[in-house]
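As structure tokens, the structure follows; a few thoughts come after it.
The values are calculated or read from the model by the stated rules, or taken from the named source; none is laboratory data. Please read all numbers here as calculations on a predicted model, not as lab measurements. When we count neighbours, we look across all protein chains shown, and the Cβ atoms used for this are built from the backbone with ideal geometry, even at glycine. For the accessible areas, the whole protein counts, side chains as well, though only heavy atoms, and no ligand, DNA or RNA atoms are used. Shrake-Rupley method; radii C 1.70, N 1.55, O 1.52, S 1.80 Å.
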Amino acid sequence: MKVTHNGKELDIRALWMEGSKVRFIDQKILPHRFEFVDASTVEEVARFIEDMTVRGAPSIGAAGAYGMAMAQITDMDLAEAAKRLKRTRPTAFDLFYGVDSMLATASEGRDLVEAAEKYVTQIAEKCRKIGEHGNSLIKDGFTILTHCNAGALATIDYGTALSPIRAAHKGGKKIHVFADETRPRLQGAALTSWELVQEGIPHDIIPDNAAGHFMQRGEIDMVIVGADRIAANGDFANKIGTYEKAVCAKENGVPFYTAAPVSTFDFSLASGMDIPIEERSQDEVRYVGKELICPEKATARNPAFDMTPARYVTGIITEAGIFKPGELKRENLQ
Ligand code: MRU
């Protein structure tokens, strides 16, 4: 992704390995500050995944792969490292895919730094291809709704949901984006909007509960969201609130797409009801920043993801093309 920082244009990824360290764009402090943080141990990588310094399914998968490479460099037991990394966040399948790919590589006696680099580059390239395929769905003049952040920050580079949007804009199509603010962590307002500003893509942030209103008035032409885990039948988990958008889209005849690379597909699950859904601290709901927004005694629930049934999905945009849910087989994505 191209980022203008201190007057300079940088072409960078959300995270990368430098020597024996992993360097991350600190996603917790965007859009106010643009800074990097380094992890030197597997424990630090795990904590950066847990506290969402790095987030978004393919970026979490990359952190897992790099974490395993770091474990090999530091002579840490690889099974222990894999266990610690996999304990961080349960929903995004990419984490398990990335870590298990490295375990399989290590069992062949191969170098994990090289393998992790290759893994990360391949996933980024798949995201670029998602952009090419998804762009074919976008017509000049479209307004596209997206939820959470499924851009370069979430996916190493390019994005999943944002990749077709970038490609359409780069190709000269006049498009407009509605970015759901995405309570409680505000990834849409803070991160998607930051990426769109960097690219000069026209957009409005909308409150999470405004999408139905705009769909009903014919102001949204299509919805594209990312995915954290897609089951064999095409049901998928994504950021909390996605399900509601999908139901509203169907009610209003608005095409609804999810976009993801191979690393997000969990073909071992027959249906989305089996996807583990992370529940995070209630204080993410009770506070906005440092400010308590409810009575001190109030309690809250905070599921980080929800499951959208395949019947609401018009198509799944992948690196291999666009598929109807359930149509897709493992071999399509190798
Ligand atoms: O909790 P987050 O910020 O990691 O959730 C991210 C999302 O829900 C994204 O939409 C998803 O990971 C797909 S990004 C390619």
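Before moving on, here are some points about what is shown:
- GNM remark for the chain: springs join alpha carbons under 10 Å apart, and the peak mean-square fluctuation among Ser263, Ser107, Ser20 falls on Ser107.
- Solvent-accessible surface of segment 2-125, averaged per residue with a 1.4 angstrom probe and all protein chains in place: 44 square angstrom.
- Cα centroid separation - segment 1-64 against segment 216-258, whole Å: 28 Å
- Rounded if a/c under 1.5, otherwise prolate or oblate - segment 132-333, Cα gyration tensor axes: oblate
- For segment 75-156, applying the loop criterion from DSSP together with a ceiling of 10 other beta carbons within 10 Å to the GluC sites (Glu not before Pro) yields Glu108.
- With all protein chains in place and ligands, DNA and RNA left out, the 1.4 Å accessible area ranks Cys127, Cys294 as Cys294, Cys127, largest first.
- In degrees, nearest ten, helix 93-107 long axis to first principal axis of the chain (Cα): 20 degrees
- Probing with 1.4 Å while keeping every protein chain in the model, the per residue accessible area of segment 132-333 equals 41 Å².
- DSSP-defined antiparallel bridges as percent of all bridges, segment 132-333, nearest 5: 40 percent
- Mean ellipticity per residue at 222 nm, deg cm²/dmol - from DSSP H runs of n ≥ 4 across the chain, formula -39500 (n - 2.57): -10000 deg cm²/dmol
- Accessible-area composition of segment 2-125, carbon plus sulfur, in percent [1.4 Å probe]: 49 percent
- Loop-located chymotrypsin sites (Phe, Trp or Tyr not before Pro) in segment 44-152, at most 15 other Cβ atoms within 10 Å (DSSP): none
- Span from the segment 121-136 Cα centroid across to the segment 290-324 one, whole angstrom: 22 Å
- Between helix 112-135 and the chain: long-axis angle, C-alpha atoms, 0 to 90°, nearest 10: 10 degrees
- On segment 142-273, 51 percent of the accessible area sits on carbon and sulfur atoms, based on a 1.4 Å probe.
- Highest-fluctuation residue, Gly234, Gly64, Gly19 considered, GNM on the chain with Cα pairs under 10 Å: Gly19
- Max mean-square fluctuation residue, GNM over the chain, Cα-Cα springs under 10 Å, options Ala116, Ala63, Ala304: Ala304
- Taking other residues whose beta carbon is less than 12 angstrom from the beta carbon of Met1, and scoring Lys, Arg as +1 and Asp, Glu as -1, yields -1.
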